[in-house]
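Accompanying notes for the structure given below.
The values are calculated or read from the model by the stated rules, or taken from the named source; none is laboratory data. Since the structure is predicted, the reported quantities are computational estimates derived from the model, not experimental observations. Using ideal geometry, Cβ is built from the backbone for each residue, glycine included, and neighbour counts are taken over all protein chains shown. These accessible areas exclude ligands, DNA and RNA; they are computed on the full protein's heavy atoms, side chains included. Shrake-Rupley method; radii C 1.70, N 1.55, O 1.52, S 1.80 Å.
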Amino acid sequence: MKFRYLALRTSAMQERLRFRADLIQRMREFLQQNNFVEVETPTLIKRTHGGAREFVVPTHEKGLFYSLAQSPQILKQLLMVGGIDRYFQIARCYRDEKSKPERQPEFTQLDLELSFTNREGVMRLVEDMVKHSLNIPLDTSPFERMTYEKAMTTYGTDQPNTGGFVWITEIPLFLYKKDGVLESAHHPFTMPKDEDVIYQNPEMAIGLSYDLVYEGIEIGGGSIRIHKAELQRHIFESILGYPTGDIEYLLKALESGCPPHGGFAIGVDRLVGLLTGAKSIRDVIAFPKSSEGKDLLSGAPQELPLDDKTYYHFK
């Protein structure tokens, strides 16, 4: 990858990148035809508990940092509060975790959200979008569906390879970590199927979430979101033990009146890799990072000069 510009000359890379561009264009075309509005959300955001580790970005104000968005999750919910009832974007996302063949520290996802919908509505929309994007007639058989419990019992995994697209539903809202503490199976903004269970037996709660699996790999996931401030606060504070200060701006927005809403995100790199037979998602990204998360082309990351360290208050 040190001489990536030479690899880009190969027919394989040319074909994959052109396929990627065409796929994204077809997704965008479908969503625009269905009255979705493409809205860009900030990359520099406030740190939020309940997901992957985020990259931090220093500022010239001592001790104050931004985080790079691991997803537009809260921001797209705020768009629903603001009346943008059908949103999408091709989002750049960042996670500070070790790279794997199907992961990169920075990646692209097709992100969408809509108001006044339910689980069936989102799943049907996403299924039609995938079919449109892959030139599959919309009137063909719907994708297979399987509960989380059946997938785990039959295949021993929640990403079964059934030979085609398969939806995984009825996913637990929380799972136990090794230390016996509950954590969100998806993220802490997922609406429970039964709200009463949250207050009585949260470890038994099922979320209104759904994953889409292709050839044994999850290519996307989504859920109906919590649109009630009281419920969101309870899950953060009483169940997960997270401080609500990180999401106070979301809670205030929900209190102002928020419609029921839900959404979905497709991992573009992962899907393109599967559809083109690439060995790694690095083979469908023009300038990827190494398995250690390094940019071999430019030599990043690198140390900061002393004057920059002083400006950002690093010792």
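Which residues, taken from segment 49-71, are among the polar types (S, T, N, Q) and closer than 27 Å to I239 by Cβ?
Matches in segment 49-71: S67, Q70, S71.
Any idea which of I219, I224 is within 26 Å of K177 (Cα to Cα), part of a strand (DSSP E or B), open to solvent by 10 Å² or more (accessible area, probe 1.4 Å) and touching a residue at least 12 places away in the same chain (Cβ under 8 Å)?
Residue meeting the stated conditions: I224.
If R9 meets every condition in (1) assigned to a helix (DSSP H, G or I); (2) over 22 Å from the mean Cα position of the chain (by Cα); (3) at pLDDT 95 or above apart from one, which number is that one?
(1)
If you scan segment 56-90, which residues turn out to be in a loop (DSSP other than H, G, I, E, B) and within 17 Å of G257 (Cβ to Cβ)?
So in segment 56-90, the residues in a loop (DSSP other than H, G, I, E, B) come out as 59-64, 69-72, 82-85.
Of everything in segment 56-90, those that are in a loop (DSSP other than H, G, I, E, B) and within 17 Å of G257 (Cβ to Cβ) turn out to be G82, G83, I84, D85.
What residue, among those in segment 288-311 that are touching a residue at least 60 places away in the same chain (Cβ under 8 Å) and open to solvent by 70 Å² or more (accessible area, probe 1.4 Å), is farthest from the chain's Cα centre (by Cα)?
My answer is Y311.
Being modelled with pLDDT of 95 or more, outside any helix (DSSP H, G or I), within 19 Å of the chain's Cα centre (by Cα) and more than 24 Å from P259 (Cβ to Cβ) is the requirement here; does Q109 meet it?
no
List every residue pair whose Cβ atoms lie under 8 Å apart, where the two residues are 6 or more positions apart in sequence or sit on different chains, the first residue falls within segment 199-213 and is closer than 13 Å to H187 by Cα, and the second residue, located anywhere, is open to solvent by less than 10 Å² (accessible area, probe 1.4 Å) and part of a helix (DSSP H, G or I).
Y210/V122; Y210/M123
Restricting attention to segment 273-282, does a residue exist that is of a type in the set (S, T, N, Q) and either open to solvent by less than 20 Å² (accessible area, probe 1.4 Å) or modelled with pLDDT of 95 or more (or both)?
There is at least one residue in segment 273-282 that is of a type in the set (S, T, N, Q) and either open to solvent by less than 20 Å² (accessible area, probe 1.4 Å) or modelled with pLDDT of 95 or more (or both).
Can you confirm whether T153 is hydroxyl-bearing (S, T, Y), open to solvent by 30 Å² or more (accessible area, probe 1.4 Å) and in a helix (DSSP H, G or I)? Lay out the reasoning, then the answer.
Working: hydroxyl-bearing (S, T, Y): yes; open to solvent by 30 Å² or more (accessible area, probe 1.4 Å): yes; in a helix (DSSP H, G or I): yes.
Yes.
Being open to solvent by 40 Å² or more (accessible area, probe 1.4 Å) and out of contact with any Asp or Glu (no Cβ under 7 Å at 6 or more places or on another chain) is the filter here; which residues of segment 258-272 pass it? Talk me through it step by step, then tell me what you get.
Of segment 258-272, the ones open to solvent by 40 Å² or more (accessible area, probe 1.4 Å) are 260, 270.
The one that is open to solvent by 40 Å² or more (accessible area, probe 1.4 Å) and out of contact with any Asp or Glu (no Cβ under 7 Å at 6 or more places or on another chain): P260.
Just to verify a result, which residue in segment 156-191, among those that are modelled with pLDDT under 95 and of a type in the set (G, A, S), is surrounded by the most Cβ atoms within 10 Å (Cβ to Cβ)?
Filtering first and then ranking leaves S184.
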